[in-house]
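Note sheet for the following structure.
The values are calculated or read from the model by the stated rules, or taken from the named source; none is laboratory data. Quick caveat, the model's predicted, so the values are computed rather than measured. Cβ placement follows ideal geometry from the backbone for every residue including glycine, while neighbour counts extend to all protein chains displayed. SASA here: full protein model, heavy atoms, side chains in, ligands and nucleic acids out. Shrake-Rupley method; radii C 1.70, N 1.55, O 1.52, S 1.80 Å.
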Amino acid sequence: MPSTDHLLLTVAVFVLAGFVKGVVGLGLPTIAMALLALVMPPARAAALLIVPSLVTNVWQLRPGSTLGPLLRRLAPMQAGVCVGTLAGAWLLGAPVGAWATVSLGVALVAYAAWALSGARIAVGPVGEKYLGPWVGALTGFITAATGVFVIPAVPYLQALGFEREELIQAMGLSFTVSTLALAAGLYVNAPESGGAPWGLSLLMLAPALLGMQAGQGLRQRLPPALFRTCFLTGLMLLGLHMVAREALAG
């Protein structure tokens, strides 16, 4: 059972992570994993985000009327996510140790650098047919290693040319599948990781939803571009710190 200070810190992290997701539409697992991995093993941090991540991502799947066509279009990518995550869980085990922390730090820096660069790529129908399963598999493998599922899924979805609301729904679908696949991978590795704290994960749903609601309110007043720049810069600095800390410790 975590100490009171540890529990309060975890609650604060999920409020912040939910707040970020409410403002920019993503970032709950990224923020939660990045901050919690500073004070607990990555495998435990990944398990804690399962319920809050799943519920907030399912909420992001609305409206249901457009979900069917989107599911059919992105099915190959999502199949790749499942295969990549489970294969990564089998090959790598639960995300523990220095390599998991360094991998997470590198993933954060790579994602932030790509997003801050303003780089844009376009993927046409033919490219989507062949790239989807491979992008999904790579995303799944990175998810198994780090507990974060934005790379390369988010850049790829942006490259498909979705409209704003379509993109938000597509990210919600990808994140939901990734969360379920991650939960399955953690279950497979439960004996090695000491078990998944599902009860505590459920407890973290309330602070995540509270933060998300506050973030949605702020989104109406704060220029999204300014917040996005601050958010990505913070992620990059945090990722660099995680990599540097493990390098110095080694």
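What FRET efficiency, computed as 1/(1 + (r/R0)^6) with R0 = 22 Å and r the Cβ-Cβ distance, is obtained for residue 40 and residue 237, rounded to the nearest 0.05? In this case the efficiency is close to 0.60.
Could you sort 24-32, 158-166 so that the peptide with the highest average Cβ count within 10 Å comes first and the rest follow in order?
Taking the mean over residues of other Cβ atoms within 10 Å, the ranking is 24-32, 158-166.
Look at the dipole of segment 4-249 built from charges on Cβ: of 124, 10, 156, the Cα furthest out on the positive end belongs to 124. Ranking 245, 73 from most to least accessible surface, computed with a 1.4 Å probe over the protein chains only, gives 73, 245.
The residues of the chain have, on average, 46 Å² of accessible surface per residue, using a 1.4 Å probe with all protein chains present.
Counting every pair of alpha carbons in the chain, the share spaced more than 30 Å apart comes to 20 percent. FRET efficiency for the pair residue 119 and residue 6, taken as 1/(1 + (r/R0)^6) with r the Cβ-Cβ distance and R0 = 30 Å, rounds to 0.15.
Once all protein chains are placed together, residue 168 keeps about 40 Å² accessible to a 1.4 angstrom probe. When each of the peptides 37-44, 134-141 is scored by how many other beta carbons lie within 10 Å of its residues on average, the order from highest to lowest is 134-141, 37-44. When +1 charges are put on Lys and Arg Cβ atoms and -1 charges on Asp and Glu Cβ atoms, the dipole computed for the chain relative to its Cα centre reaches about 440 debye. Surface composition of the chain: carbon plus sulfur atoms contribute 72% of the solvent-accessible area (1.4 Å probe, protein chains only, all chains present). Across the chain, C-alpha contacts under 8 Å between residues 6 or more apart give a mean separation that, scaled by the residue count, equals a relative contact order of 38 percent.
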